[in-house]
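This report refers to the structure that appears directly beneath it.
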Protein chains: 2
Amino acid sequence: MNKLLIVGTVAFDAIETPFGKTDKILGGAATFIGLAASFFNIKSAIVSVVGDDFPQEYLDLLKNKGIDISAIEVVQGGKTFFWSGRYHNDLNSRDTLETQLNVLADFQPKVPAAFTDADVVMLGNLHPLVQTSVLDQMTERPKLVVLDTMNFWMDCAWNELMDVIKRVDVITINDEEARQLSGEYSLVKAAAKIHTMGPKYVVIKKGEHGALIFHNKDVFFAPALPLEEVFDPTGAGDTFAGGFSGYIAQSENISFDNMKNAIIYGSNLASFCVEKFGTERMQGLTKAEVVERLREFRSLTQFEIELE
Amino acid sequence: MNKLLIVGTVAFDAIETPFGKTDKILGGAATFIGLAASFFNIKSAIVSVVGDDFPQEYLDLLKNKGIDISAIEVVQGGKTFFWSGRYHNDLNSRDTLETQLNVLADFQPKVPAAFTDADVVMLGNLHPLVQTSVLDQMTERPKLVVLDTMNFWMDCAWNELMDVIKRVDVITINDEEARQLSGEYSLVKAAAKIHTMGPKYVVIKKGEHGALIFHNKDVFFAPALPLEEVFDPTGAGDTFAGGFSGYIAQSENISFDNMKNAIIYGSNLASFCVEKFGTERMQGLTKAEVVERLREFRSLTQFEIELE
């Protein structure tokens, strides 16, 4: 089986949407990435850090999904990273109410020996220096390195971000982040500029408006599935990245045509993620449901026009 | 050849975008619909009205595209409908600077005798009573009636709008209009509610985010082509509707599968429309360019995943 190495936060989230609010629940980029990637026939490991306030049941949950959690460091006397946010009525924007870095502030990632030769590395949103440290620990050049990041690091750690972006094959960011990173409003121009920073593949996530993947002059689009109700968008972008990197790891194929399938899988899994609070929907998701939804993606997008 | 009857404005537009501004140029819903539909092997006619200030060269332009203009009434001593607007920097929103109804205020549409048995009727955005009057003049039930409208008529002529919507097969509106018409935020729920008002097919245009067509539980999505630059969005929605109705008229096939192709054609033609001011790009567009762009739509959207 191929190996997927995931780095990112494992955390507590507290979420308010127009449909309700939660107490502290399981969250974090690596959590969502790992749950999504667990749908594929691969070996995966998460590199992360939590405090000793982090419930064993959450760790067990990840472990029971087949994820190697030996590199999730538990800091005794430390507190787990916490984020709380409130979504606006349209669920397209949100305010951060509170961010407590806690144990994340001094996080030194340690890649487990069994994963220093991972086939695919998924660098979830974290400080660019943490992402760099993970790459530095790889003993073999991974077949594919995927990086997710956010505007916060563009504001606070531009040079470090540029250094790590240079070293990755695929970057996944949202449309506003792509605009900020490139200084271009047009996403076509933004992707072209981001290509020059390093990544050969630029994935731009547009939330309910789907996702684009650019590779030089080639472009492919995966829509978001039109849903009756989006309940909680938290983790959708990470779930998308987990679906993307998990599918690539399983298929051992880094052609652009296969990346098309990968963003369809990412979009597919993300469409489940938003149906309930936090990780709830992903925890109970079955393979049959994912396959059934692939059929929906096909009928949503596939057409047959004769070219004259 | 099959017949497409188009009703809508033939008008002057004055447009400001971040890229420049125009004097009074050729515009109007029926103009854009007619130019788009002229790409298909059909007979089309426009029912509209202009003043005697309307240049013969604009009428000749439509005529030279094979459009029957005999039902574009020229009111002697009257002035042509005029709209001017200014787009914001993101080109997704605009302010109307001026609207002069002029000859449109007393417009009584007259369907030409040769088109009272048209196969497809495209009711462009106009007062619902004008749209109704066109339907009332048909001697045979058209195979397909398509209606475009806007929020203005929801605000000012709700009952008249409901009366005409009842009688159409397809409605094309944008996302905000679908929300206003239905009172539902979710586009899936909005489409379901609009179905109950009459139209069996609900097309929701999302501008740069593509278009959806709903038919009961079925849904299909056509993306907008990612463009380096959108120059002027004016007329894109009408061009989309013209591509949709023109393709349906040509193919004589009102199955949902064929409507998928029709919204791809609509999206295709609209992607050209926005590349220059007003109708400029559509005037010079060639069949070869349209076919080439269909290839781009295919590679943008088509994927092959084996379902396990």
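The values are calculated or read from the model by the stated rules, or taken from the named source; none is laboratory data. Please read these numbers as outputs of a predicted model, since none were measured by experiment. Cβ: placed from backbone, ideal geometry, glycine included. Neighbour counts: every protein chain shown. Ligands, DNA and RNA are excluded from the accessible area calculation, which covers all protein heavy atoms including side chains. Shrake-Rupley method; radii C 1.70, N 1.55, O 1.52, S 1.80 Å.
In the stretch B:156-205, the residues that give up 30 Å² or more of accessible area when the other protein chains are added, compared with the chain on its own (1.4 Å probe), are B:Tyr185, B:Val188, B:Lys189. Using a Gaussian network model of chain B in which every pair of alpha carbons under 10 angstrom is joined by a spring, one finds that among B:Gln180, B:Gln250, B:Gln131 the greatest mean-square fluctuation is at B:Gln180. Charge tally around A:Lys110: other residues with Cβ under 15 Å, Lys/Arg +1 each, Asp/Glu -1 each, net -4. Accessible surface comparison of B:Lys143, A:Lys166, A:Lys205, B:Lys189, probe 1.4 Å, protein chains only, largest first: the order is A:Lys166, B:Lys143, B:Lys189, A:Lys205. The same position B:Asn89 in the other copies lies at 2.7 nm from this copy, comparing label points 7 Å beyond Cα toward the beta-carbon, shortest first. Using a probe of 1.4 Å, the accessible surface attributed to B:Arg86 totals some 100 Å² when neighbouring protein chains are kept in position. Close amide H pairs (under 5 Å, H built 1.01 Å from N) link A:Val75 with A:Val50, A:Gly51, A:Asp52, residues at least 5 positions away or on another chain.
When the solvent-accessible surface of protein heavy atoms is calculated with a 1.4 angstrom probe, in what order do A:Ser255, B:Ser245 fall, highest first? Intermediate values should be presented prior to the final figure.
On the way: A:Ser255 45, B:Ser245 0 Å².
The most accessible residue leads, giving A:Ser255, B:Ser245.
Just add up the charged neighbours of B:Gly51: K/R +1, D/E -1, any other residue whose Cβ is under 11 Å from the Cβ of B:Gly51. Neighbour charge sum, excluding B:Gly51 itself: -2.
Using the Cβ of B:Ser70 as centre and a radius below 15 Å, the other residues enclosed give a net charge of +2, where K and R count +1 and D and E count -1. Going from the isolated chain to the complete set of protein chains, the stretch B:211-232 loses at least 30 Å² of heavy-atom accessible area (1.4 Å probe) at B:Val219, B:Phe220, B:Phe221, B:Pro226, B:Glu228.
Looking at the stretch B:186-237, the accessible area is 35 square angstrom per residue; that uses a 1.4 Å probe and ignores ligands, DNA and RNA. Within the stretch B:288-308, the residues that become at least 50 Å² less accessible when every protein chain is included than when their own chain is isolated (1.4 Å probe; DNA, RNA and ligands ignored) are B:Arg298, B:Leu300, B:Gln302, B:Phe303, B:Ile305, B:Leu307, B:Glu308.
How much accessible area is lost when chains A and B come together, counting both sides, with a 1.4 Å probe, in Å² rounded to the nearest 100?
Details: alone 13950 and 13960 Å², together 24060 Å².
Buried area (both sides, nearest 100 Å²): 3800 Å².
Using a ≥ b ≥ c from the Cα gyration tensor of chain A (square roots of the eigenvalues), is it rounded, prolate or oblate, where a/c under 1.5 gives rounded and otherwise the larger of a/b and b/c decides, a/b for prolate?
Working: a/c = 1.33, a/b = 1.18, b/c = 1.13.
The shape class here is rounded.
If you count only protein heavy atoms with a 1.4 Å probe, what accessible area per residue comes out for the stretch A:27-94, rounded to a whole Å²? Walk me through the numbers on the way to the answer.
Working: 2730 Å² over 68 residues.
So the stretch A:27-94 comes to 40 Å² accessible per residue, rounded to a whole number.
Over all pairs of distinct alpha carbons, what does the Kirkwood formula give as the hydrodynamic radius of the protein assembly as shown, in Å?
Mean inverse Cα-Cα distance, inverted, gives 25.8 Å.
Here the spin labels are modelled as points 7 Å beyond Cα on the Cα-Cβ line, and at A:Asp95 and A:Asn159 they lie 3.6 nm apart. Phi angles of the stretch B:292-302 translate, via the Karplus equation with coefficients 6.51, -1.76, 1.60 and θ = phi - 60°, into HN-Hα couplings of 4, 6, 4, 4, 5, 4, 5, 6, 6, 10, 8 Hz per residue; Gly and Pro are given as x. Here the 3J(HN,Hα) profile of the stretch A:5-16, calculated from phi with Karplus coefficients 6.51, -1.76 and 1.60 at θ = phi - 60°, is 9, 10, 10, x, 7, 10, 8, 9, 10, 10, 10, 10 Hz, Gly and Pro shown as x. As a ratio to 2.2 N^0.38 Å, the alpha-carbon radius of gyration for the stretch B:117-261 is 1.00. Once backbone amide H atoms are built at 1.01 Å from N, B:Arg94 has B:His88 as its partners under 5 Å, excluding neighbours fewer than 5 places away on the same chain.
Take the alpha carbon atoms of the stretch A:32-99, find their center, do the same for the stretch B:1-61, and report the distance between the two centers in whole angstrom. Each part's Cα centre sits 56 Å from the other's. GNM remark for chain A: springs join alpha carbons under 10 Å apart, and the peak mean-square fluctuation among A:Val230, A:Val274, A:Val291 falls on A:Val291.
For the stretch B:91-131, which whole percent of the accessible surface, found with a 1.4 angstrom probe, sits on carbon and sulfur atoms?
Carbon and sulfur atoms account for 48 percent of the accessible area of the stretch B:91-131.
Note that the stretch A:185-198 has calculated 3J(HN,Hα) couplings of 7, 5, 5, 5, 5, 4, 4, 4, 5, 5, 3, 5, 7, x Hz, one per residue in order, obtained from phi through the Karplus relation 6.51 cos²θ - 1.76 cosθ + 1.60 (θ = phi - 60°); glycine and proline are x.
Close amide H contacts of B:Ala211 (hydrogens built in the peptide plane, cut-off under 5 Å, sequence separation of 5 or more or a different chain): B:Lys206, B:Ala222, B:Ala224. For the stretch A:213-308, dividing the convex hull volume of the Cα atoms by the residue count gives 120 Å³ per residue. Note on chain B: with a GNM built from Cα contacts shorter than 10 Å, the maximum mean-square fluctuation among B:Leu35, B:Leu61, B:Leu161 falls on B:Leu61. Applying 0.36 nm per residue to the separation of A:Lys193 and A:Leu307 and subtracting their alpha-carbon distance, the gain on full extension is 37.8 nm.
Summary value for chain A: 18 percent relative contact order, contacts being C-alpha pairs under 8 angstrom separated by 6+ residues. Projecting the Cα atoms of A:Tyr185, A:Phe272, A:Asn253 onto the charge dipole of the stretch A:152-308, computed from C-beta unit charges around the Cα centre, puts A:Asn253 farthest toward the positive end. Computed on the stretch B:1-60, the Cα convex hull volume stands at 95 Å³ per residue. Centre-to-centre, using Cα atoms only, the stretch A:137-169 and the stretch B:155-219 are separated by 44 Å.
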